[in-house]
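Chemist: First, the structure itself, so that you have it in front of you.
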Amino acid sequence: MKNLFSNFKGDLLGGVTAGIVALPLALAFGVSSGLGPSAGLYGAIFIAFFASLFGGTDTQISGPTAPMTAVSMVVIATILAANDGNVDKALPTILAIFLLAGIIQVVLGILGFGKYIRYIPYPVVSGFMTAIGVIILVTQILPSIGYYAKEDSSFVDSFKPQAEEIILQNILKEEAGEGILVLENFKETVNRADKITNEDILKESKTLAGKESSGVLGTLKVLPRALKNINFLELALALGTILIIYGFKRITSVVPSTLVALVVMTGIALIFNINYIPIEEIPSGIPTPNLNMFTQFSLSNIKPFIFTAFTLALLGAIDSLLTSVVADNMTKTKHKPNKELIGQGIGNSIASVFGGIPGAGATIRTVVNINSGGKTKLSGMIAGVILLIILLGLGPIASKIPAAVLAGVLITVGIGVMDYKGLKAIPSLPRDVKIGPFKVSSEVIIMLVVMLLSTFWDLVYAVGIGLVIASLIFMKKIGDLTTKHSDVSALKEEAWADEAEFPESLSEKVFIKHINGPLFFGSTNNFQQLAKQIPNTAKAVIIRMGKMPYIDQSGLFALEDILIDLEKNGIHVLIVDVLEQPRYMMERIGIIPDLVSKNHIFKTFSSCLDWVKQNVIN
């Protein structure tokens, strides 16, 4: 425990700050998921605490994130639809899926799968993250303009015939389950039908209206109707929230702008007595376990969603480990990927038992924690405790937050989560695949396919299809290039024949790096360790690319990051014998000449050595 409290003051400040930053996002993600703000808050509390306690990244702050919430939203909506929109009836199955996802993460960590996450190609991740942003933006249009399909009486009335049909079908199913033959006992069917009230029909109609307007396609279907029924006061609340979030950041970053927006806009709504729709009431008191998920467990109910649970687990793993890399870069430490998966799995499992939505390592909250002084696991645990204290003390007050304000918060999240780096690179990427008469970029195809399928069809299948396409294209390229498997070895490696006469006096000042084979998404991890291997005595690094026939987008960005790090440390980068395809890619995104000038690119090692002898002091 001594190590845990070695940085108590910094961890306390980091944890408190990260917890405050997490509050508005947790509430917003809970509302967006369909289970309500309390589910987001419970998820943030338990995942933050237990993922930190058992995880492998000391400074990571975990909780509900945009990608995890987007997939959870699909799971929740699908299971609700199968249960006639009855949340109480659907909740045990929903939480069982979340629990299964957490358990899968623990198993992945135990089996050592953390190191394989790097094999996810960049265009797949890029397309998925951009799709998440689009989904959040589109689905928050309706609440931001104050339109709720369930409250639109004429829209709801249009579903009454269908509602009556569904209610009658349910009666027939009940009778079949009870062994009642309708044709032999038709009176029983009539008696049950007579008990159907207008309230029952209205309730079912509202459920159908909610289904019709859910998701991206549902929002686009009802958008023309919604635009004719804009609630301008709610729209003003949403726009005000967005303006404060972006505007307050320009004043100071000490106080989280999302929290400022939440407090200010809720205060305005209450002071001026605006007639707004608030979020669902947050239950007061300590969260209690939802034991119905165990007592009402049914394998047949969760069978259709097992693959989705795997997707949630893998997405959470990718999301968390990417954030772990960010934390490593900021703290100059090295996370333990398998232990991190175990911690995330335990956090998600416990959160599901208490009714929380699943989450992962959250980049913004982690960065805030580190910048505020957090250095150990204690910071993440404190963040969870702070959220619990806020729940116990401010739950009733938080229940008065306008839904439009949280919609505004989510819109800024949707804008922020998109992968602009990948989108900006689209015009620069080479057109290496021919489709009919057109030449297009294979990496752009993968990115767009994943983005479009994720947005308009299914997040789960989109990632799978993207991986298959990426693998096929990669295999074709490697086959065409007839190269060996990638071999990116350590900095201290066996000298090539023409390096035998390298001056001994420069051995601690000039380092040589060989790249054997293509630099692609599966080999970037080891290559990224290059900058960390170079000692303070280094004046120059020679990268020999004569045996690197191909570089993909993942390798390109990995190379760019390393070159930026070396440049910051004042180390010259010299490149020898760069081949046609890698040079073309490096020129397209500006690595040449922005990071490596043409004067530092040599055709032969001997010419490079001449430059070294003249410019590096012995």
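Chemist: Name the pairs: first residue in region 442-466 and under 15 Å from G133 (Cα atoms), second residue surrounded by fewer than 24 Cβ atoms within 10 Å (Cβ to Cβ) and not hydrophobic (A, V, I, L, M, F, W, C), Cβ to Cβ under 6 Å, at least 6 apart or on different chains?
Modeler: M451/T130
Chemist: So the check is Cβ under 9 Å with 6+ separation or different chains; which pairs have a first residue in region 240-264 that's assigned by TED's automatic domain parsing to the domain that holds L13 and a second one that's loosely packed, with under 15 Cβ neighbours inside 10 Å?
Modeler: Within 9 Å, no pair qualifies.
Chemist: Restricting attention to region 232-243, does a residue exist that is farther than 30 Å from D458 by Cα, small (G, A, S), at pLDDT 75 or above and out of contact with any Asp or Glu (no Cβ under 6 Å at 6 or more places or on another chain)?
Modeler: So far as region 232-243 goes, yes, one or more of its residues are farther than 30 Å from D458 by Cα, small (G, A, S), at pLDDT 75 or above and out of contact with any Asp or Glu (no Cβ under 6 Å at 6 or more places or on another chain).
Chemist: Any idea which of L322, L341 is in the same structural domain as G384 (by TED's automatic domain parsing), surrounded by 21 or more Cβ atoms within 10 Å (Cβ to Cβ) and either aliphatic (A, V, I, L, M) or not in a helix (DSSP H, G or I) (or both)?
Modeler: Selected residue: L341, the only one of L322, L341 that is in the same structural domain as G384 (by TED's automatic domain parsing), surrounded by 21 or more Cβ atoms within 10 Å (Cβ to Cβ) and either aliphatic (A, V, I, L, M) or not in a helix (DSSP H, G or I) (or both).
Chemist: For region 285-303, name all the residues that are farther than 15 Å from A39 by Cβ and among the hydroxyl-bearing types (S, T, Y). Let's see the steps before the verdict.
Modeler: Just the residues of region 285-303 that are farther than 15 Å from A39 by Cβ, to begin with: 285-286, 291, 294-303.
Selection gives T295, S298, S300.
Chemist: When you scan region 354-363, do you find a residue that is modelled with pLDDT of 85 or more, surrounded by fewer than 22 Cβ atoms within 10 Å (Cβ to Cβ) and outside any helix (DSSP H, G or I), even just one? Write out each step before concluding.
Modeler: We begin by selecting, within region 354-363, every residue modelled with pLDDT of 85 or more; these are 354-362.
Those left that are additionally surrounded by fewer than 22 Cβ atoms within 10 Å (Cβ to Cβ): 354.
Checking which are outside any helix (DSSP H, G or I) leaves us with 354.
Scanning region 354-363, I find at least one residue that is modelled with pLDDT of 85 or more, surrounded by fewer than 22 Cβ atoms within 10 Å (Cβ to Cβ) and outside any helix (DSSP H, G or I), so the answer is yes.
Chemist: Any chance region 370-379 includes a residue that's of a type in the set (S, T, N, Q) and surrounded by 22 or more Cβ atoms within 10 Å (Cβ to Cβ)? Quick ask: steps written out before the conclusion?
Modeler: Looking only at region 370-379, we keep the residues that are of a type in the set (S, T, N, Q), and these are 371-372, 376, 379.
Pick out the ones that are also surrounded by 22 or more Cβ atoms within 10 Å (Cβ to Cβ) and you get 379.
Within region 370-379, one or more residues are of a type in the set (S, T, N, Q) and surrounded by 22 or more Cβ atoms within 10 Å (Cβ to Cβ).
Chemist: Can you find a residue in region 183-199 that is part of a helix (DSSP H, G or I), at pLDDT 80 or above and not assigned by TED's automatic domain parsing to the domain that holds T78?
Modeler: Among the residues of region 183-199, at least one is part of a helix (DSSP H, G or I), at pLDDT 80 or above and not assigned by TED's automatic domain parsing to the domain that holds T78, which makes the answer yes.
Chemist: Give just the number: which of (1) assigned to a helix (DSSP H, G or I); (2) within 23 Å of G127 (Cβ to Cβ); (3) at pLDDT below 80 does I469 not satisfy?
Modeler: (3)
Chemist: Determine whether region 212-225 contains at least one residue that is modelled with pLDDT under 90, not assigned by TED's automatic domain parsing to the domain that holds G15 and not in a helix (DSSP H, G or I).
Modeler: yes
Chemist: Could you run through region 254-290 and say how many residues are crowded, with 19+ Cβ neighbours inside 10 Å, among the β-branched types (V, I, T) and assigned to a helix (DSSP H, G or I)?
Modeler: 3
Chemist: Turning to a different aspect of this structure: Go through region 563-582 residue by residue and tally those that are more than 30 Å from the chain's Cα centre (by Cα) and closer than 24 Å to K539 by Cα.
Modeler: Residues in region 563-582 being more than 30 Å from the chain's Cα centre (by Cα) and closer than 24 Å to K539 by Cα: 11 in total.
Chemist: Across region 424-477, which residue is nearest to the chain's Cα centre (by Cα) among those that are surrounded by fewer than 20 Cβ atoms within 10 Å (Cβ to Cβ) and either among the polar types (S, T, N, Q) or in the same structural domain as S554 (by TED's automatic domain parsing) (or both)?
Modeler: S471
Chemist: Check S6, S32 and return the single one that is crowded, with 23+ Cβ neighbours inside 10 Å and either within 20 Å of T311 (Cα to Cα) or modelled with pLDDT under 85 (or both).
Modeler: Just a single option satisfies the conditions, and that option is S32.
Chemist: Just need a number here: residues in region 226-251 that are surrounded by 15 or more Cβ atoms within 10 Å (Cβ to Cβ) and in a helix (DSSP H, G or I).
Modeler: Counting residues in region 226-251 that are surrounded by 15 or more Cβ atoms within 10 Å (Cβ to Cβ) and in a helix (DSSP H, G or I) gives 14.
Chemist: Residues in region 92-133 that are buried (at least 21 other Cβ atoms within 10 Å of the Cβ), in the same structural domain as S300 (by TED's automatic domain parsing) and of a type in the set (F, W, Y): how many?
Modeler: 1
The values are calculated or read from the model by the stated rules, or taken from the named source; none is laboratory data. A quick note: this is a predicted structure, and the numbers were derived from the prediction, not measured. No Cβ is skipped: glycine too gets one built from the backbone with ideal geometry, and neighbour counts run over all protein chains shown.
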